[in-house]
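Colleague: I'd like to ask some things about the structure below.
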Amino acid sequence: MVKVVKFGGSSLASAEQFMKVGNIIRADETRKYVVPSAPGKRNSKDTKVTDMLYACYALADEGKDFRVQLMKIKDRYDSIINGLQLKITLDEEFKTISQKFKEKAGVDYAASRGEYLNGIIMADYLGYEFIDAATVIFFDEDGNFDADKTDKVLSAKLAETEKAVVPGFYGSLPDGTVHTFSRGGSDITGSIVAKAARASMYENWTDVSGCLVADPRIVKDPEPIRVITYRELRELSYMGASVLHEDAVFPVRKAGIPINIRNTNDPEADGTLIVESTCQKPEYTITGIAGKKGFVAVSIDKDMMNSEVGFCRKALQAFEENGISIEHMPSGIDTMTVFVHQAEFEGKEQQVISSLRRLAHPDIIDLEADLALVAVVGRGMKSNRGTAGRIFSALAHANINVRMIDQGSSELNIIIGVSNDDFEEAIKAIYAIFVETRL
């Protein structure tokens with residue numbers, strides 16, 4: 001067995017956190033490849049090292065003196081090194097960084113140094129080999145991730161390296177310039193390393209004990225999700241549940257490698273296992289609830305719409321012409337409703353209405369703003385009759401008016417539209433009926 005373990009910024013924010021991480025890695029001999037993030041916040045008033053690097057480079061880019069800010073970043077790393085009683089020094093590394101900043105090496109280079117430096121410390125602390133991600137993770141000239149080249153080079157490197165640390169978040173362009181993934185990209189690096197190592201498990205360690213059935217900011221102490229499929233996770237992530245970077249799923253999913261979300265501060269907790277498929281029955285009928293506020297419902301009515309070939313295409317063309325993406329589209333015999341993001345739609349509403357009139361010739365166009373969408377997701381819904389009825393019952397009991405309901409043919413999720421004001425209460429009501437009362 002080979003495990004790839006990725007640790008988030010909060011897990012590596014201080015020497016104390018590093019020690020926890022070291023104990024976790026040493027507790028399992030199969031944890032052979034480590035992907036660290038940059039140091040995160042030590043407390044609520046602290047600043048992430050990545051944000052400090054962005055601010056420091058902004059001064060350099062403007063031709064201002066950045067030395068004081070750079071030394072503050074060095075102090076963060078020195079405190080970790082001293083706290084771990086290591087003998088290494090990052091003096092030469094910071095001289096190089098200072099020179100590169102003066103040469104205006106780029107914001108991606110600046111941001112990547114957080115993971116790079118933490119990787120050097122982690123490798124020394126564990127006694128593992130350090131592999132600079134810029135030498136094994138590649139992007140093409142347009143900045144798109146080069147999966148084939150990366151897998152070939154990284155697989156060969158890991159095959160000859162028994163234990164290694166590969167910093168997250170960055171790689172290199174064809175000319176050797178450092179290039180980063182989007183924020184949170186260390187999750188992606190961990191997934192890429194897991195695929196290249198042909199790992200049996202990708203453990204993603206963070207400050208939460210896996211995925212939760214509902215948002216803890218809305219539902220007090222929601223139950224954890226023990227096992228979730230990639231498809232379920234995708235549905236919940238799309239609707240706002242954020243534990244793992246979405247792009248981190250694809251490399252390991254393709255390779256059939258499960259992901260285990262674990263908590264650095266509670267290593268005994270099982271966390272959440274993310275798998276391609278499972279015969280394990282979920283603990284509840286639903287797997288999770290997630291949602292977003294801020295939608296507009298555009299209702300388009302036309303008599304005999306169902307018999308008009310191409311009507312939907314013409315209607316959707318009006319949104320496409322104005323650069324507006326579609327979220328959901330429930331329909332009836334003579335009506336269709338298009339849900340779009342309110343912030344995106346408001347500035348273009350009259351152009352869209354004009355386009356709809358010109359292209360589709362509807363009888364009535366009606367707009368309703370300030371709506372929220374709630375997704376109820378679960379592989380268990382398919383085998384349990386009356387799920388939609390229970391949702392309606394729970395919402396009715398909470399005096400919440402349902403503006404829309406949309407269920408996919410896979411029966412994996414049900415989308416409910418409610419007003420923004422009812423959003424939190426809707427999630428609480430659905431959670432209560434499926435989890436607290438287990439109906």
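Colleague: Give all pairs with beta carbons closer than 9 Å in which a residue from the stretch 94-110 that is free of Cβ contacts under 8 Å to residues at least 40 places away in the same chain meets a residue that is surrounded by fewer than 16 Cβ atoms within 10 Å (Cβ to Cβ) and not aliphatic (A, V, I, L, M); count only pairs at least 6 apart in sequence or on separate chains.
Modeller: Listed pairs, sorted by first residue: S98/R67.
Colleague: From A396, A432, grab the single residue that is open to solvent by 60 Å² or more (accessible area, probe 1.4 Å), of a type in the set (A, V, I, L, M) and either modelled with pLDDT of 95 or more or over 19 Å from C312 (Cβ atoms) (or both). Lay out the reasoning, then the answer.
Modeller: Values: A432 fails: open to solvent by 60 Å² or more (accessible area, probe 1.4 Å).
Only one candidate passes the filter, namely A396.
Colleague: A further question on this structure: May I ask you to list pairs of residues, at least six apart or on different chains, whose Cβ atoms are under 7 Å apart, with the first in the stretch 371-383 being within 17 Å of C211 (Cα to Cα) and open to solvent by 10 Å² or more (accessible area, probe 1.4 Å) and the second being among the β-branched types (V, I, T) and part of a strand (DSSP E or B)?
Modeller: Note: pairs meeting the criteria are R379/T229.
Colleague: Taking the stretch 170-204, which residues are in a strand (DSSP E or B) and either under 12 Å from Y33 (Cβ atoms) or open to solvent by less than 10 Å² (accessible area, probe 1.4 Å) (or both)? It would help to see each step written out before you state the result.
Modeller: Narrowing the stretch 170-204 to residues in a strand (DSSP E or B): 170-172, 178-180, 201-204.
Scanning the stretch 170-204 gives Y170, G171, S172, M201, Y202, E203, N204.
Colleague: With open to solvent by 40 Å² or more (accessible area, probe 1.4 Å), basic (K, R), under 16 Å from I120 (Cβ atoms) and modelled with pLDDT of 95 or more as the only criterion, which of K64, K95 stands out? First the steps, then the outcome.
Modeller: Numbers: K64 fails: under 16 Å from I120 (Cβ atoms).
Result: K95 is the single residue among K64, K95 that is open to solvent by 40 Å² or more (accessible area, probe 1.4 Å), basic (K, R), under 16 Å from I120 (Cβ atoms) and modelled with pLDDT of 95 or more.
Colleague: Would you check if there is a residue in the stretch 141-162 being modelled with pLDDT of 95 or more, among the aliphatic types (A, V, I, L, M), within 22 Å of E29 (Cα to Cα) and surrounded by fewer than 18 Cβ atoms within 10 Å (Cβ to Cβ)?
Modeller: Checking the stretch 141-162: at least one residue is modelled with pLDDT of 95 or more, among the aliphatic types (A, V, I, L, M), within 22 Å of E29 (Cα to Cα) and surrounded by fewer than 18 Cβ atoms within 10 Å (Cβ to Cβ).
Colleague: Are any of the residues in the stretch 325-336 acidic (D, E), open to solvent by 40 Å² or more (accessible area, probe 1.4 Å) and touching a Ser or Thr at 6+ places or on another chain (Cβ under 8 Å)?
Modeller: no
Colleague: So, of the residues in the stretch 214-236 that are open to solvent by 20 Å² or more (accessible area, probe 1.4 Å) and not basic (K, R), which turns out to be nearest to the chain's Cα centre (by Cα)? Walk me through how you get there before you give the answer.
Modeller: Kept after step one, since they are open to solvent by 20 Å² or more (accessible area, probe 1.4 Å), are these residues of the stretch 214-236: 215-218, 220-221, 223-224, 226-227, 231, 234-235.
From what is left, the residues that are not basic (K, R) are 215-216, 218, 221, 223-224, 227, 235.
Details: D215: 15, P216: 17, I218: 19, D221: 21, E223: 20, P224: 18, V227: 18, E235: 12 Å.
Of everything passing the filter in the stretch 214-236, E235 is nearest to the chain's Cα centre (by Cα).
Colleague: Would you check which residues across the stretch 23-44 are part of a helix (DSSP H, G or I) and either under 21 Å from A133 (Cα atoms) or open to solvent by 40 Å² or more (accessible area, probe 1.4 Å) (or both) and list them? Before you say what the answer is, go through the steps one by one.
Modeller: We begin by selecting, within the stretch 23-44, every residue part of a helix (DSSP H, G or I); these are 23-26.
Residues satisfying the conditions are N23, I25, R26.
The values are calculated or read from the model by the stated rules, or taken from the named source; none is laboratory data. As the structure is a prediction and not an experimental result, all values here were calculated from the model. Backbone-built Cβ (ideal geometry, glycine too); neighbour counts: all protein chains shown. Surface areas here come from the heavy atoms of the whole protein model, side chains and all, with no ligands, DNA or RNA. Shrake-Rupley method; radii C 1.70, N 1.55, O 1.52, S 1.80 Å.
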